[in-house]
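A.B. asks: The structure's right below; bear with me while I get my questions together.
The values are calculated or read from the model by the stated rules, or taken from the named source; none is laboratory data. Predicted, not measured: the structure shown is a model, and the values here were computed from it. All Cβ positions, even for glycine, are placed from backbone atoms using ideal geometry, and neighbour counts span all protein chains on display. The protein model used for the area step is the full one, side chains on, heavy atoms only, and it has no ligands, DNA or RNA in it. Shrake-Rupley method; radii C 1.70, N 1.55, O 1.52, S 1.80 Å.
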Amino acid sequence: MGVARCGPTGWMVTGTEIPDLLRRPILRRINYVGELAVAPDHRNRGIARALLHQTEHDMCQAGYGALVLGHDRHLTRFYQRLGYTSARRLALDLAPWGHHVRSNRRWWHTVKPLAPEVSLRTVYGSPVLTGLLPG
Ligand SMILES: CC(C)(COP(=O)(O)OP(=O)(O)OC[C@H]1O[C@@H](n2cnc3c(N)ncnc32)[C@H](O)[C@@H]1OP(=O)(O)O)[C@@H](O)C(=O)NCCC(=O)NCCS
């Protein structure tokens, strides 16, 4: 009746913008929900909320610092209500290597920190995820 599929997405695994040195640490700290869907007959009963909460809990236990998704603009409010921050652009603060910026014409990015050392700052209107890598 519902599914949440989680795993690294293309830019994390093969994206040339991420320095090779940082790829493994990033893959250990961010995970990506590639699919969240509930069968039409079962919607609006809290199933997606429960699936996402369980996913967050499992990812937290596994040591991930943040969960990221891509979504259609009309779902911004849906994710906001579940504690996510959505924007056209999402930046990862990879100091001292700089920022890694994701943007996509079709999708919005949404993100939720899962660990106390990870937080979101807003820079020029876009969220920046900090604290992912050891300082
Ligand atoms: C989006 C989707 C996953 C929501 O599933 P769901 O089980 O109906 O969602 P929930 O019942 O857990 O809803 C959680 C909250 O979000 C709200 N919500 C649900 N769908 C929403 C929508 N489309 N827009 C805005 N808010 C929405 C609910 O009212 C609920 O709020 P509440 O807790 O204050 O009552 C489901 O509509 C779906 O499968 N859509 C098609 C696939 C899709 O678009 N997936 C997202 C890909 S990123």
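A.B. asks: Would you pick out the residues in segment 9-20 that are touching a residue at least 12 places away in the same chain (Cβ under 8 Å) and away from the ligand (no atom under 16 Å from the Cβ)? Spell out the reasoning first.
C.D. replies: First pass over segment 9-20, keeping only residues touching a residue at least 12 places away in the same chain (Cβ under 8 Å): 9, 11-13, 17-19.
Once the filter is applied, which keeps residues that are touching a residue at least 12 places away in the same chain (Cβ under 8 Å) and away from the ligand (no atom under 16 Å from the Cβ), segment 9-20 yields 11, 12, 13, 17, 18, 19.
A.B. asks: Could you pull out the residue among 80, 61 that is surrounded by fewer than 13 Cβ atoms within 10 Å (Cβ to Cβ) and within 16 Å of the ligand (Cβ to nearest atom)? Can you show your working first?
C.D. replies: Details: 61 fails: within 16 Å of the ligand (Cβ to nearest atom).
Residue meeting the stated conditions: 80.
A.B. asks: Checking the condition closer than 24 Å to residue 133 by Cα and open to solvent by less than 50 Å² (accessible area, probe 1.4 Å), which residue from 14, 9 passes?
C.D. replies: Only one candidate passes the filter, namely 9.
A.B. asks: Can you name the residue in segment 100-130 that is part of a loop (DSSP other than H, G, I, E, B) and at pLDDT 95 or above and is also most open to solvent (accessible area, probe 1.4 Å) among such residues? Write out each step before concluding.
C.D. replies: The initial filter retains those residues of segment 100-130 that are part of a loop (DSSP other than H, G, I, E, B), namely 104-107, 114-118, 124-125.
The next check asks that each one be at pLDDT 95 or above; those that pass are 114-118.
On the way: 114: 29, 115: 20, 116: 134, 117: 97, 118: 8 Å².
The residue in question is 116.
A.B. asks: Do we have residue 95 as open to solvent by less than 70 Å² (accessible area, probe 1.4 Å) and more than 15 Å from the ligand (Cβ to nearest atom) here?
C.D. replies: Against the criterion (open to solvent by less than 70 Å² (accessible area, probe 1.4 Å) and more than 15 Å from the ligand (Cβ to nearest atom)), residue 95 qualifies.
A.B. asks: So which residues in segment 83-92 are open to solvent by 30 Å² or more (accessible area, probe 1.4 Å) and part of a loop (DSSP other than H, G, I, E, B)?
C.D. replies: Those that are open to solvent by 30 Å² or more (accessible area, probe 1.4 Å) and part of a loop (DSSP other than H, G, I, E, B): 83, 88.
A.B. asks: Out of 43, 24, 88, I need the residue that is under 18 Å from residue 110 (Cβ atoms) and either within 15 Å of the ligand (Cβ to nearest atom) or out of contact with any helix residue (DSSP H, G or I) (no Cβ under 8 Å at 6 or more places or on another chain) (or both). Which one? Lay out the reasoning, then the answer.
C.D. replies: Working: 43 fails: under 18 Å from residue 110 (Cβ atoms); 24 fails: under 18 Å from residue 110 (Cβ atoms).
Every option except 88 fails the conditions.
A.B. asks: Residue 21 - would you say it is assigned to a helix (DSSP H, G or I) and over 17 Å from residue 113 (Cα atoms)?
C.D. replies: Yes, satisfied.
A.B. asks: Which of the following residues is near the ligand (Cβ under 8 Å from one of its atoms), touching a Phe, Trp or Tyr at 6+ places or on another chain (Cβ under 8 Å) and not in a helix (DSSP H, G or I): 36, 69?
C.D. replies: Working: 36 fails: touching a Phe, Trp or Tyr at 6+ places or on another chain (Cβ under 8 Å).
That would be 69, the only listed residue that is near the ligand (Cβ under 8 Å from one of its atoms), touching a Phe, Trp or Tyr at 6+ places or on another chain (Cβ under 8 Å) and not in a helix (DSSP H, G or I).
A.B. asks: Please verify whether segment 34-54 includes one or more residues that are open to solvent by 30 Å² or more (accessible area, probe 1.4 Å) and within 21 Å of residue 131 (Cα to Cα).
C.D. replies: Checking segment 34-54: not a single residue is open to solvent by 30 Å² or more (accessible area, probe 1.4 Å) and within 21 Å of residue 131 (Cα to Cα).
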